[in-house]
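Report on the following structure.
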Amino acid sequence: MSDINKKVVSATKWSTITEIAAKLVSPISTMVLARLLTPADFGVLVTATMVISFSEIFTDAGFQKYLIQRKFDSDKELHDTTTVAFWSNFIMSMAIWFMIVIFSGPIAELVGNPGKGNVIAISCVCIPLAAFSSIQMALFKRSFDFRTLFFVRIVGILIPIVITIPLALLTRSYWSLIIGMIALNASNAIILTVKSVWKPRLFYDWGIFKRMFSFSFWSMVESVSIWLTSYIDLFIVGRLLNEHYLGIYRTSMSTVGQIMSLITAATTPVLFSALSRLQDDDSEFRTLFFRFQKMVGLLVIPLGVGIFLFRDLITEILLGRQWAEAANFIGLWGLTSSVTIVLSHYCSEIYRAKGKPRLSVLAQVLHILCLVPTVLWAINYGFDFLCEMRSLVRLTLIVINLSILYVLTRISPASMLVNIMSSAAGGIAMIIVFYLLPSQKSILAQIAYALICCTVYLIVVLQFKDSRAILCNIKTIIKKR
């Protein structure tokens, strides 16, 4: 086994352990907070997060991806570049935070939360905190040191339990969510700085900055386009509806995201780092990508189908009955997420690894041209119809990305579909069996049905040799067929 493959195995192992640990704790936090706070409280958090995430695009400026992807001639060159990236990020983040504080009132009104300027100003302290830690995080990812990142994530997982939930019990206010978010970013900054071999020092080189910026410009533009894809509909919902519906809308997405990230968060950073190392070896590049896609499909597709089939059960267990309006959206978002992840999500990693982030920008822009008119039209026909159309319109990303990917790498859409044939067959079998079973409303019956569907999925998938090998031994994702 080559050195890069050994690193991929180790990194995937620690990244997966991290996400499993997160999924054992995070749902408990979500279940408690969803019962202590209202959808409107979560809506306030959404608007703050919207501003923070947009600002962080410019503070990072794509330097984190530069450090992961760039081939450096020596450790000195790497450390000098890291120092320049750190100071550039930190100074820019402080300047942006200062401007947000000054104009917090108008910004709050712009994002559909008038009168909450103080919330925006205080929550945005996360911007310099995130800038302080993002460069160290890039170095750990570059070296495939996901073991250290596991420790950092575990501390972050515990923040809601020791800070957010106690504050929610005391205040019953959105401030518990804001303070918890700040504490999370602060813990990341402290731990990563202590653990990192590289430390900030007084050094700056404009030549290095210019090289980084010219390399990273399109990555930054790509980040803006991804932000627009992720948040422009939230902006529209916040402006045209209210905090209650915004809270339901975003919490539905994030609930599905928490479930799906068990797989995506464990694999995406590893895949990008590995593909970046193999960018000049087309054969190994394609082989590694297809094996990641097959593995992810085997895990994500049954998750998505399960979320759709058992949407009422998932909503009641994770969020409580006051969130019943979210059930249909959670189901549709889960189903479309599974398809989008395996056929579109990882295409962006190929573009970045090949040093062509502008292709991801093109994909996002084309998608936004479909997304915005659809949301503006659907919102006039009620919240439920909006959720249905928002779920369906994201499927346009699949058509767009598969077309671009074929032009770039000659990886055909047909080969992508064939690669996930076993998981698709298992998912279809789950749906058929579910609708053949008698309708049941009780929680115990639905849990039993879920187990039956999982068993059917495994039976179908195990009929395929490659899929059987992957399920029996995760290491086969990096071995040659």
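The values are calculated or read from the model by the stated rules, or taken from the named source; none is laboratory data. If you're wondering where the values come from, they're calculated on a predicted model, not measured in any experiment. Glycine also receives a Cβ, built like all others from the backbone with ideal geometry; neighbour counts cover every protein chain displayed.
Criterion first (closer than 29 Å to Arg286 by Cα and hydrophobic (A, V, I, L, M, F, W, C)) does Ile447 satisfy it? Working first, answer last.
On the way: closer than 29 Å to Arg286 by Cα: no; hydrophobic (A, V, I, L, M, F, W, C): yes.
So Ile447 fails the test.
For Glu109, work out the one condition from (1) of a type in the set (Asp, Glu); (2) in a helix (DSSP H, G or I); (3) closer than 27 Å to Pro357 by Cβ it doesn't fulfil.
Against the list (1) of a type in the set (Asp, Glu); (2) in a helix (DSSP H, G or I); (3) closer than 27 Å to Pro357 by Cβ, Glu109 comes up short only on (3).
For the range 458-468, check the following and say yes or no: at least one residue is assigned to a helix (DSSP H, G or I), within 24 Å of Phe308 (Cβ to Cβ) and aromatic (Phe, Trp, Tyr). Walk me through it before giving the result.
Step one: of the range 458-468, the residues assigned to a helix (DSSP H, G or I) are 458-461, 465-468.
Remaining after also requiring within 24 Å of Phe308 (Cβ to Cβ): 458-461, 467.
Imposing the further condition that a residue be aromatic (Phe, Trp, Tyr) reduces the set to none.
No: the range 458-468 contains no residue that is assigned to a helix (DSSP H, G or I), within 24 Å of Phe308 (Cβ to Cβ) and aromatic (Phe, Trp, Tyr).
Can you pull out the residues in the range 401-420 that are in contact (Cβ under 8 Å) with a residue 24 or more places away in the chain and among the aliphatic types (A, V, I, L, M)?
Selection gives Leu402, Ile404, Leu405, Leu408, Ile411, Met416, Leu417, Ile420.
Looking only at the range 207-220, how many residues end up being farther than 16 Å from Thr82 by Cα, crowded, with 18+ Cβ neighbours inside 10 Å and of a type in the set (A, V, I, L, M, F, W, C)?
Residues meeting the conditions: 2.
Name the one entry in Ser74, Ser123 that is polar (S, T, N, Q) and either touching a residue at least 12 places away in the same chain (Cβ under 8 Å) or within 20 Å of Leu177 (Cα to Cα) (or both).
Values: Ser74 fails: either touching a residue at least 12 places away in the same chain (Cβ under 8 Å) or within 20 Å of Leu177 (Cα to Cα) (or both).
The conditions single out Ser123.
Is it fair to say Ile165 is of a type in the set (Val, Ile, Thr) and either buried (at least 17 other Cβ atoms within 10 Å of the Cβ) or at pLDDT 80 or above (or both)?
Numbers: of a type in the set (Val, Ile, Thr): yes; either buried (at least 17 other Cβ atoms within 10 Å of the Cβ) or at pLDDT 80 or above (or both): yes.
So Ile165 passes the test.
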